[in-house]
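Notes for the one structure printed next.
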Amino acid sequence: MTRDDGESATYDDHEGMSSAAGSRSCLRSACGCEYDPVVENLDYDYGYDDSKRGSKPQPMPRMRSKGEFYVDSFNGEPWGCSFGTGEENGTWMNSGDQAGSIMAALVWLLMLYSAGTVTLLTITEGIHPILGMVYCTLVAMALSSHAKTSLTDPGSVPRSAVPQETQRRDSTSHSMCGQCQTFKPPMSHHCRICNRCVSRMDHHCPWMNNCVGAGNLKHFVLFLIYTWTCSAYALGVFGFNYFFCADEDCMFHVLVVHLVRIMTVLCVGAFLFTSSMLMNVTYGIMTGIGTIDRLKKKATNTMSQSDEEPIPLKDVFGIAGYHTWLFPVDPIFNDFDKVMGYSTPQRLVREQQLMEHKRPTVTPDLVAAPTMEMPQCISDFLPV
């Protein structure tokens, strides 16, 4: 028998490959993976150096079949070691809002305070060490999710953004941001704090010091879940000790009691706040209406006229498998352009070149369109 690459293979090899493929298929179905990164990763190494490979050109990826995923491996992000919310900044960080920076730092301070209090309870034998380890693990996951939410691009719209093919086919006119002077995707809003248009923007969260949009909604949801779990877990441990502790062996140390009382108040507040936010985010995912859009519709009494569709969970948590949903790692979207609501000419050219089986260029020859500045009197009337 022969494989697609022309090499001969015995029947035993083919049977082994079938068994391996069956195992991968079983594992993918168990973990919820909707794509196989080994088989369906039709990418192209743009950093391939022919001079270091004996002048041997890189083999072209196989032609994509209908329904297969296309992974664009080209990295067009800036490599500069700078922090900010502009397209030229290498790391996304909102440093222009001092109040947001203080509130984000306060989250870390309070979470570390609670972890320290539980650690002291463990050291003084007030609670079992296993209970302390579980709580500190939850705190670590919550802080990791907070860091990812704060330092991840929420879905900022680049200046080169263009409507998708379906948008161009279904509509003859498209929105434009009067502040960014760029295409404004549906359900996107301009954040005056980040000074960027954000795709599927829900709101600007001062506790995250960042916007919550299509790019970091998963991390924000994980932060709420882990913080809610931490609060409920701590209140359960403290409540059990308060109501069911009948001897001195389970009594908290005198010096730690005051820390526990303060932590109890913080946990009650965090539990109520995160419960409210979880219901708000869940409602937004189930209805497809973000917080900003919902407030606008309520102000104009047009909630009954909403035609938005629910947001699929794969457009929030990705398609890399259920095992990645619990960790603050960047999701792999089924259709990145559809999730963000826009495409870019550079990406479309690279895809067209690969589909036509041409060798892609690192920087496609695209002629930049001249910037069209609108008069200020017109920009003032454009929606943001």
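The values are calculated or read from the model by the stated rules, or taken from the named source; none is laboratory data. Given the structure is predicted, the values throughout are model-derived calculations rather than measurements. Reconstructed Cβ throughout: ideal geometry from the backbone, glycine too, with neighbour counts over all protein chains shown. Accessible surface areas use protein heavy atoms only, side chains included; no ligands, DNA or RNA. Shrake-Rupley method; radii C 1.70, N 1.55, O 1.52, S 1.80 Å.
Find the Cα radius of gyration of the range 136-242, compare it with 2.2 N^0.38 Å by division, and give the number to two decimals.
Normalised Cα radius of gyration, the range 136-242: 1.43.
For the range 277-316, count all C-alpha to C-alpha pairs, find those more than 13 Å apart, and express that count as a whole percent of the total. Walk me through the intermediate numbers first.
Working: 405 of 780 pairs.
Tail fraction, whole percent: 52.
Taking only the Cα atoms of the range 90-149, how large is their convex hull per residue, in Å³?
It is 73 Å³ per residue.
How much area per residue is accessible in the range 100-168 when the probe is 1.4 Å and only protein heavy atoms are counted (Å²)?
Values: 3220 Å² over 69 residues.
Value for the range 100-168: 47 Å² per residue.
If you filter the range 304-358 for GluC sites (Glu not before Pro), then keep DSSP loop positions with at most 16 other Cβ within 10 Å, what is left?
Answer in residue order: E308, E356.
Any idea what log10 I(q)/I(0) is at q = 0.15, 0.16, 0.18 Å⁻¹ for the range 242-299, Debye with uniform C-alpha scatterers and no solvent?
Normalising to I(0) and taking log10 leaves -0.64, -0.67, -0.74.
Using alpha carbons only, what's the Rg to Rh ratio of the range 193-293 with Rh from Kirkwood?
Taking Rg over the Kirkwood Rh, I get 1.15.
Leaving ligands, DNA and RNA out of it, rank Y342, Y242 by accessible area with a 1.4 Å probe, largest first.
So, going from the largest accessible area down, we get Y242, Y342.
Determine the relative contact order of the range 70-141: mean sequence separation of Cα pairs under 8 Å and six or more apart, normalised by residue count, in whole percent.
The normalised contact order for the range 70-141 reaches 15 percent.
Let me see the pair-distance distribution of the range 103-186: every alpha carbon pair, 10 Å bin width, integer percents in order.
With 10 Å bins starting at 0, P(r) equals 15, 26, 16, 15, 14, 11, 3.
Kindly state, to the nearest 0.05, the FRET efficiency for Q353 paired with N301, given R0 = 51 Å and r defined as their beta-carbon distance.
0.55
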